[in-house]
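The values are calculated or read from the model by the stated rules, or taken from the named source; none is laboratory data. These numbers come from a predicted model, not from an experiment. When we count neighbours, we look across all protein chains shown, and the Cβ atoms used for this are built from the backbone with ideal geometry, even at glycine. Note: accessible area is taken over every heavy atom of the protein model, side chains too, but ligands, DNA and RNA are not part of it. Shrake-Rupley method; radii C 1.70, N 1.55, O 1.52, S 1.80 Å.
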Amino acid sequence: MTRLPDGQTWLTAPETTAVIDALEAAGGEARFVGGCVRNALLREPVADVDIATTLTPDRTMAALEAAGLRFAPTGVEHGTVTAISGRRGFEVTTLRRDVATDGRRAVVAFTDDWAEDAARRDFRLNALYADRTGEVFDPTGEGVEDCRAGRIVFVGEAEARIREDYLRILRFFRFHAWYGRSAPDAAGLAACAGLKAGIGQLSAERISAELLKLLAAPDPVGAVRLMDETGVLEQALPFELDRRLFEAMVGLSQDRALRLSALLAADWDMVEAAATRLRFSNALRDRLLAALPDFVEVKLGMEAHAARVAIYRLGKRTFTDRLMRAWAAEPDRYAGAWPLLDLAESWTPPRFPIGGAELRQAGLEPGPRMGQVLRDLQDWWMAEDFPEEGLDAKLAELIGAAA
């Protein structure tokens, strides 16, 4: 018998036991499922705690209400109710079997058969269940060993699982990046390569979410190489890519946005097209575009004064992103990067103390002349390394020259 390791505080937390108690009080059987069981076996942090139950969704909601717990019917048509216990959410899903699938979504029927529920899951290491005592149930008979060996193997026939939902192609590589510790499963890899065109049926949001999760893995280089070799990467991200810069960036930063920035070739129009196609958030799109080089130069080994000017004009994050891209292009130049990264972290750009009100007090009227004087004054201030003194005298000089 396999048991979860000791020290799983999430398993016995009052918020968790309150949900399990509510489901069992209503006559249902409840077990933890998926990622929380997998990560606990691997002694990795557990973030989301998902629960599978024999109760139907209406009985689940009634059980939670009877126990005084709040809930939200977040995916009730697919059997999922989110229980809210304390300040934590728990996805509680009725055991299911697939009735019909089309590669994007499934029509499900509810069941009380744990093996049927396991059979519709993607990988054997995700088809693991544990009861409240920590006893692990492995319906496929291979999930625990896959977990321990770092094998990502589809439940049943790989092609059948993929045809149910083509997102599983991307999940295969994502889970290999996070948990794979051996050669990729040959049958799974071949099925992903053979069915890669199905990725075109997926929504942009689902594709981008999987890509970003993959890029956040400690070392996604191997998985991305496999995606490239099988043609999967081209299906998911059909743009000019820079694998060399990406692989160097992985060694420098765990920031998935920086890794994505390095993977996409440095072309403004192409990056904008990629952001539009994959429906990146506005914040991510803007960051990817801002990281591209333009007239504000950021380079390794630049002088501290030039770096301060660039930080002032670009902002700390954009300056750092551009510097990291430059470092990834020359990863051996440690000494050219770290002093500038330290400067960006430690230096606070000052606020330019002169504005329209001060210029009006000096006798300038709003208009093109005022704007030019203001720009010239700010350029002088940056060139002089942001002095606290001398602005008034320089302003008088500029007004006199413009008269």
Placed amide H near Ala127: partners under 5 Å, 5+ positions off or other chain: none
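Calculate, in nm to one decimal, what Thr17 and Asp112 gain on full extension: separation in residues at 0.36 nm each, minus their alpha carbon distance. Please report the intermediate quantities before stating the final value.
Details: separation 95, 0.36 × 95 = 34.20 nm, distance 2.16 nm.
Difference between extended and current length: 32.0 nm.
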Non-local residues with an amide H under 5 Å from the amide H of Val108, with H modelled 1.01 Å from N and Pro and chain starts lacking one, are Val99
HN-Hα J in Hz across the stretch 2-11 - Karplus 6.51, -1.76, 1.60, θ = phi - 60°, x for Gly and Pro: 9, 10, 5, x, 5, x, 7, 5, 5, 5
Residue span Glu29 to Glu205: 0.36 nm per residue of separation minus Cα-Cα distance leaves a gain in nm of 59.9 nm
Between Glu303 and Ala119, what length in nm is gained on full extension when 0.36 nm per residue of separation is reduced by their alpha carbon distance? 60.2 nm
For q values of 0.14 Å⁻¹, compute log₁₀ I(q)/I(0) with the Debye formula on a Cα-only model of the stretch 1-153, without solvent. -0.65
Debye calc, one equal point scatterer per Cα of the stretch 105-217, no solvent, log10 I(q)/I(0) at q = 0.19, 0.22 1/Å comes to -1.06, -1.31
For the chain, using Cα atoms only, the Rg and Dmax in Å read 27.9, 90
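Just how large is the dipole of the chain about the Cα centre, in debye to the nearest 20, putting +1 at every Lys and Arg Cβ and -1 at every Asp and Glu Cβ? Walk me through the numbers on the way to the answer.
On the way: 49 positive and 62 negative charges, 50 e Å.
Magnitude of the dipole: close to 240 debye.
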If one computes the Cα centroid of the stretch 86-158 and of the stretch 29-68, what distance in Å separates the two points? 12
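Run lengths n ≥ 4 of DSSP H only: what is the helix-derived mean residue ellipticity at 222 nm for the chain, with -39500 (n - 2.57) per run over all residues, to the nearest 500?
Numbers: 22 runs with 211 residues, N = 403.
Taken over the chain, the calculation gives -15000 deg cm²/dmol.
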Share of the stretch 1-101's accessible area from carbon and sulfur, percent, 1.4 Å? 47
Please report how far the C-alpha centroid of the stretch 198-257 lies from that of the stretch 356-373, rounded to the nearest whole angstrom. 51
Asp286-Glu44 pseudo-label distance in nm [points 7 Å out on the Cα-to-Cβ vector]: 3.3
The stretch 32-166: relative contact order as a whole-number percent, Cα under 8 Å and 6+ apart: 23
Whole-number accessible area per residue in Å² for the stretch 240-324, which is evaluated in the context of all protein chains at 1.4 Å: 48
May I ask you to list the lysines whose Cα is less than 19 Å away from that of Lys316, ignoring any residue fewer than eight positions away on the same chain? Lys299
Loop-located trypsin sites (Lys or Arg not before Pro) in the stretch 66-148 whose Cβ has at most 13 other Cβ within 10 Å (DSSP): Arg87, Arg105
Which ³J(HN,Hα) values, rounded to whole Hz and listed in residue order, are derived for the stretch 54-68 from phi using the Karplus coefficients 6.51, -1.76 and 1.60 in 6.51 cos²θ - 1.76 cosθ + 1.60 with θ = phi - 60°, glycine and proline given as x? 7, 6, 6, x, 5, 6, 4, 5, 5, 5, 5, 4, 5, 8, x
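Return the inverse of the average 1/r over all pairs of distinct C-alpha atoms in the stretch 172-285, which is the Kirkwood hydrodynamic radius, in Å to one decimal.
Numbers: mean 1/r = 0.0697 Å⁻¹.
About 14.4 Å for the stretch 172-285.
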The aspartates and glutamates whose Cα lies under 16 Å from the Cα of Lys394, excluding any fewer than 8 residues away in the same chain, are Glu358, Asp376, Asp379, Glu384, Asp385
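Could you check how much of the accessible area of the stretch 296-395 is carbon and sulfur, as a whole percent, using a 1.4 Å probe? Working shown, then result.
Working: 2760 of 5630 Å².
That fraction is 49 percent.
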Hz values of 3J(HN,Hα) by residue in the stretch 367-375 - Karplus curve (6.51, -1.76, 1.60), Gly and Pro given as x: x, x, 5, 4, x, 5, 4, 5, 5
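Residues of the stretch 1-159: accessible area per residue at 1.4 Å, in Å²? Walk me through the numbers on the way to the answer.
Values: 7250 Å² over 159 residues.
I get 46 Å² per residue for the stretch 1-159.
Compute the whole-percent fraction of alpha carbon pairs in the stretch 281-389 spaced more than 21 Å apart. Kindly include the intermediate steps, with their values, before the conclusion.
Details: 2768 of 5886 pairs.
Looking at the stretch 281-389, the distances longer than 21 Å represent 47 percent of pairs.
Consider all pairwise Cα distances in the stretch 34-87 and report the whole-number % of them above 17 Å. Mind showing how you got there, number by number?
On the way: 635 of 1431 pairs.
The share of Cα pairs beyond 17 Å in the stretch 34-87 comes to 44 percent.
Report the local net charge at Gly68: Lys and Arg +1, Asp and Glu -1, summed over other residues whose C-beta lies under 14 Å from its C-beta. Before the final figure, lay out each step's value.
Working: positive: Arg70; negative: Glu15, Asp21, Glu65.
Cβ neighbours under 14 Å give a net charge of -2.
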Pair Arg351, Asp219: separation of 7 Å Cα→Cβ label points (nm): 4.7
